[in-house]
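Peer 1: Got a structure for you, written out below as structure tokens; questions coming shortly.
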Amino acid sequence: MATKIEEKKVSFKDILKTTWDATVKSYRWLNKHPVRMTVIISLVMCLIVEILARKSLWEAGVFAGTNMVVFLYDSLIIFSTMCISLLIPKRKFVLLLGIILWLGLGITNCVILGFRITPFEATDFSMLKSALTMTSIYMQWWQVVLVIGGFIAAAVLLTFAFIKLKKEKINWRKSIFTVCLTAILLTISTILFR
């Protein structure tokens with residue numbers, strides 16, 4: 001006798017609910033472990049910056065897989081800026097600020113790579129004043145409006161987040177240890193990979 005296996009029909013709504021529930025559960029778990037949350041955010045931000053630089057999810061994944069040491073070093077640089085949030089009571093606000101700054105740098109690099117071969121670097125900050133005068137050469141008026149709109153949206157988001165996000169209790173021992181260890185690791189790896 002053959003037995004019938006009943007197939008349960010899964011709707012798109014069920015998939016969304018399951019995904020949302022898993023996301024909320026993961027967020028609650030990560031919220032109890034701020035160092036782990038910061039590490040994961042740093043890895044994801046590094047991947048996003050690589051995706052923007054290469055303009056391809058596949059190429060960014062290949063880069064992360066084949067150049068794991070460089071990818072982890074880049075993630076450590078991002079983590080070193082993000083781990084400052086561990087020392088501030090409004091940790092989530094500082095994390096959001098870091099995410100917006102790194103995303104802004106990644107988008108800037110993506111746009112610059114569209115016009116030249118070399119990526120966005122520290123020397124570009126010294127030429128910022130002259131670059132603003134050449135904006136009309138590289139960007140159309142609607143693109144300038146989009147950039148200004150992005151700055152305004154980021155400012156509104158940060159203001160709203162600063163008001164709404166609550167202060168959290170800081171585990172000073174763990175936070176100071178993490179920040180010091182990160183500084184030591186970053187210094188050593190910078191010396192080694194020079």
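Peer 1: Taking only segment 29-51 into account, find how many residues are assigned to a helix (DSSP H, G or I), open to solvent by 40 Å² or more (accessible area, probe 1.4 Å) and either under 26 Å from GLY114 (Cα atoms) or without any contact (Cβ under 8 Å) to a residue 24 or more places away in the chain (or both).
Peer 2: Selection size over segment 29-51: 9.
Peer 1: Could you give me the residue pairs with C-beta distances under 8 Å whose first residue belongs to segment 161-176 and is under 19 Å from ILE99 (Cα atoms), whose second residue is aromatic (Phe, Trp, Tyr) wherever it lies, and which are 6+ apart or on separate chains?
Peer 2: Listed pairs, sorted by first residue: ALA161/PHE93; PHE162/PHE93; LEU165/PHE93.
Peer 1: While we're looking at this one, here's another question. With respect to the numbered conditions (1) modelled with pLDDT under 90; (2) open to solvent by 80 Å² or more (accessible area, probe 1.4 Å); (3) of a type outside the set (Phe, Trp, Tyr), which one is the sole condition not fulfilled by SER26?
Peer 2: Going through the list (1) modelled with pLDDT under 90; (2) open to solvent by 80 Å² or more (accessible area, probe 1.4 Å); (3) of a type outside the set (Phe, Trp, Tyr), SER26 breaks only (2).
Peer 1: While we're on this one: Report yes if some residue within segment 162-177 is under 19 Å from the mean Cα position of the chain (by Cα), open to solvent by less than 60 Å² (accessible area, probe 1.4 Å) and within 24 Å of SER75 (Cβ to Cβ); otherwise report no.
Peer 2: no
Peer 1: Something else about it: Given the conditions (1) under 22 Å from LEU47 (Cβ atoms); (2) more than 15 Å from the chain's Cα centre (by Cα); (3) open to solvent by less than 50 Å² (accessible area, probe 1.4 Å), report the number of the one that SER75 does not fulfil.
Peer 2: (2)
The values are calculated or read from the model by the stated rules, or taken from the named source; none is laboratory data. For clarity, every value in this text was computed on a predicted model and none was experimentally measured. Note that each Cβ is placed from the backbone with ideal geometry, even for glycine, and that neighbours are counted across all protein chains shown. Just so you know, the surface numbers come from the protein's heavy atoms only, side chains and all, with ligands and any DNA or RNA stripped out. Shrake-Rupley method; radii C 1.70, N 1.55, O 1.52, S 1.80 Å.
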